[in-house]
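Colleague: There's a structure below that I have some questions on.
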Amino acid sequence: MPAEGHILALDQGTTSTRAIIFRMPDLMPVASAQQEFAQHYPQSGWVEHEAEDLWETSLAVMREAIGKAGLEPAQIAGIGIANQRETTLVWDRRTGRPIHRAIVWQDRRTAATCAGLREAAHAPAVAATTGLLIDPYFSATKIAWMLDAVPGARDAAERGELAFGTVDTFLLWRLTAGRVHATDATNAARTMLFDIRTGAWDPAMGELFRVPMGMLPEVRDCAAAFGSTTVLGAAIPVLGIAGDQQAATVGQACFQPGMMKSTYGTGCFALLNTGDAPVASRHRLLTTIAYQLGGKRTYALEGAIFVAGAAVQWLRDGLGIIKDAAESGALAAQSDPAGRLFLVPAFVGLGVPHWDAEARGTIHGLTRASGRADFARAALESVGYQTRDLLEAMQADLGAGTGAVLRVDGGMVASDWTMQFLADILGAPVDRPTIRETTALGAAYLAGLQAGLCPEPVEFAAHWQLERRFTPAMAEPERAAAYAGWRRAVQRTLSDPG
Ligand SMILES: Nc1ncnc2c1ncn2[C@@H]1O[C@H](COP(=O)(O)OP(=O)(O)O)[C@@H](O)[C@H]1O
Ligand SMILES: O=P(O)(O)OC[C@H](O)CO
């Protein structure tokens with residue numbers, strides 16, 4: 001039986017930063033802290049974060065969680081980091097100061113660059129090496145944009161003076177006072193510069209995307225020694241890192257090929273474990289690394305949707321028709337069951353399966369009777385429809401029965417109304433676990449494994465507990481009609497419907 005101890009999981013997400021302390025070896029959460037931070041939208045389709053906000057909120061929530069747990073910093077056996085992926089930071093190696101705000105994964109400013117590379121027929125080589133489609137979503141074109149936009153940056157990068165990192169790497173650099181410039185294989189796999197088969201940076205991708213290889217961090221396993229930090233008042237090792245969606249895959253114990261989870265935060269990301277060989281999608285899904293342990297990579301097929309909970313935030317902050325995300329389900333329930341609005345939330349383009357960076361959101365079916373409740377319902381339903389789109393792509397790739405049961409997590413699964421609609425529109429059960437903070441749980445598990453405090457995957461998988469199963473209650477004709485309506489609405493939203 002592994003020893004007792006505490007692991008601190010840091011989950012640096014798109015809209016908030018969370019720290020949760022897990023008790024080992026039973027992985028029970030004992031204390032948590034969370035802080036939201038500002039989103040910056042300097043232009044249509046642009047999304048930025050202030051790097052200092054990411055760092056300051058991380059420090060604050062880690063300190064608060066340790067205090068709430070009644071622990072001394074020295075009692076923390078290790079830190080596991082999970083992070084919003086792809087978001088790009090470039091900083092001065094000497095000062096640690098970023099040269100620009102972080103460019104967030106949702107940001108579309110490099111759409112024209114990506115379109116040019118696709119037109120020049122680079123997509124097959126990029127897919128073969130990185131498993132990804134050429135899209136502004138991934139880090140590579142964001143790095144090049146920064147190097148071109150900030151005066152002197154490209155020359156400084158060529159001279160080796162600048163470092164690139166996704167959010168994990170930036171936080172690790174700050175935690176270790178610049179001693180460690182490293183990432184893990186799952187985060188590397190989202191840059192469009194990493195060969196997911198060999199597990200190494202690819203110089204041809206560096207050349208294609210105009211990114212100097214000297215800027216890139218060292219790549220390690222998800223459970224590994226990442227150095228140690230003293231910023232919390234004692235020397236604490238960082239022992240685990242994974243992109244948040246991959247951490248959630250671990251937290252949901254999707255260790256067997258065929259197992260799948262879907263996380264509903266700002267966006268929605270479904271990952272299906274495909275085992276030890278990468279599977280190339282014929283339906284515009286992403287091939288990615290689920291986790292790397294002991295030098296061995298396990299792969300996943302991923303469906304990425306850019307707007308899920310962000311549609312609820314738009315109801316709150318954009319339209320002002322709710323004060324709190326938690327009100328959205330009750331409001332949606334008041335909508336006229338006979339009518340149906342379709343909101344296609346292409347606020348930053350569309351991801352799987354369309355990959356249309358130029359599309360922008362639309363609403364269909366408005367009548368004089370449409371009101372607040374119908375908008376709320378349309379926003380929540382859009383999450384279900386988009387999940388069905390990506391599940392259909394997975395089934396087309398891997399056959400019927402794929403994703404027969406969906407394990408869900410993330411902030412939005414608190415909405416029973418949304419989860420019921422999800423089961424209804426999929427025509428499949430949706431399982432919500434007892435611990436919904438599966439991203440943090442996965443990060444804690446990886447660090448705990450490295451610390452020798454966690455059970456092996458098989459035993460950990462047996463810990464997974466169902467809180468509630470949502471079973472489909474919608475009649476097939478209604479399901480088919482609703483989904484057909486959604487498909488028509490999407491067709492009218494695409495920038496090039498032909
Ligand atoms: N009860 C709820 N009903 C609907 N949406 C919710 C609810 N609670 C939270 N959300 C949405 O979930 C998202 C936050 O989830 P979270 O997993 O914290 O996201 P992230 O990691 O992307 O910051 C927000 O977009 C919020 O609007
Ligand atoms: O911060 P989240 O939970 O919305 O996750 C963001 C994803 O990692 C982006 O790929």
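The values are calculated or read from the model by the stated rules, or taken from the named source; none is laboratory data. Predicted model only: the values in this text are computed from it and were never measured. Counting neighbours? That spans all protein chains shown, and the Cβs are built from the backbone with ideal geometry, glycine included.
Colleague: Among the residues of region 323-348, write down those that are more than 25 Å from E48 (Cα to Cα) and of a type in the set (A, V, I, L, M).
Modeller: Passing the criteria: A326, A330, L331, A332, A333, A338, L341.
Colleague: Output the number of residues of region 95-138 satisfying the condition of being touching a residue at least 60 places away in the same chain (Cβ under 8 Å), part of a helix (DSSP H, G or I) and closer than 23 Å to P151 by Cα.
Modeller: Matching residues across region 95-138 total 2.
Colleague: Quick check: anything in region 162-174 surrounded by fewer than 16 Cβ atoms within 10 Å (Cβ to Cβ) and in a loop (DSSP other than H, G, I, E, B)? Steps first, answer last, please.
Modeller: Initially, region 162-174 is screened for residues surrounded by fewer than 16 Cβ atoms within 10 Å (Cβ to Cβ), giving none.
No, that holds for no residue.
Colleague: While we're on this one: Just need a number here: residues in region 443-471 that are closer than 24 Å to F421 by Cβ, modelled with pLDDT of 95 or more and of a type outside the set (D, E, K, R).
Modeller: Final tally of qualifying residues: 2.
Colleague: If you take the residues of region 393-427 that are of a type in the set (S, T, N, Q) and under 19 Å from R479 (Cβ atoms), which of them is nearest to ligand 2 (Cβ to nearest atom)?
Modeller: T418
Colleague: Answer yes or no: is there a residue in region 214-236 that is aliphatic (A, V, I, L, M) and farther than 30 Å from H6 by Cα.
Modeller: yes
Colleague: Would you confirm, using the coordinates I've provided, whether A65 is of a type in the set (A, V, I, L, M, F, W, C), assigned to a loop (DSSP other than H, G, I, E, B) and within 16 Å of ligand 1 (Cβ to nearest atom)?
Modeller: Here the answer is no, as A65 does not meet what is asked.
Colleague: Something else: Just for region 77-94: of the residues that are assigned to a loop (DSSP other than H, G, I, E, B) and not basic (K, R), which one is farthest from ligand 2 (Cβ to nearest atom)?
Modeller: We begin by selecting, within region 77-94, every residue assigned to a loop (DSSP other than H, G, I, E, B); these are 84-87, 93-94.
Narrowing the set further to residues that are not basic (K, R) leaves 84, 86-87.
Working: Q84: 4, E86: 5, T87: 8 Å.
It comes out as T87.
Colleague: Next up: For region 72-128, give me each residue that is away from ligand 1 (no atom under 16 Å from the Cβ), surrounded by 24 or more Cβ atoms within 10 Å (Cβ to Cβ) and of a type in the set (G, A, S).
Modeller: G78, the sole residue that qualifies.
Colleague: Whether any residue in region 304-316 is among the small types (G, A, S), in a helix (DSSP H, G or I), out of contact with any strand residue (DSSP E or B) (no Cβ under 9 Å at 6 or more places or on another chain) and buried (at least 22 other Cβ atoms within 10 Å of the Cβ) is what I want to check. Give the derivation first.
Modeller: Just the residues of region 304-316 that are among the small types (G, A, S), to begin with: 304, 308-311.
When the remaining residues are screened for being in a helix (DSSP H, G or I), the result is 309-311.
Remaining after also requiring out of contact with any strand residue (DSSP E or B) (no Cβ under 9 Å at 6 or more places or on another chain): none.
The answer is no; no qualifying residue exists.
Colleague: Something else about it: Kindly establish whether T129 is in the same structural domain as Y41 (by TED's automatic domain parsing), more than 16 Å from ligand 2 (Cβ to nearest atom), farther than 23 Å from W55 by Cα and touching a Pro at 6+ places or on another chain (Cβ under 9 Å).
Modeller: Working: in the same structural domain as Y41 (by TED's automatic domain parsing): yes; more than 16 Å from ligand 2 (Cβ to nearest atom): yes; farther than 23 Å from W55 by Cα: yes; touching a Pro at 6+ places or on another chain (Cβ under 9 Å): no.
Answer is no for this residue.
Colleague: Within region 1-35, how many residues turn out to be under 19 Å from F170 (Cβ atoms) and within 16 Å of ligand 1 (Cβ to nearest atom)?
Modeller: Selection size over region 1-35: 12.
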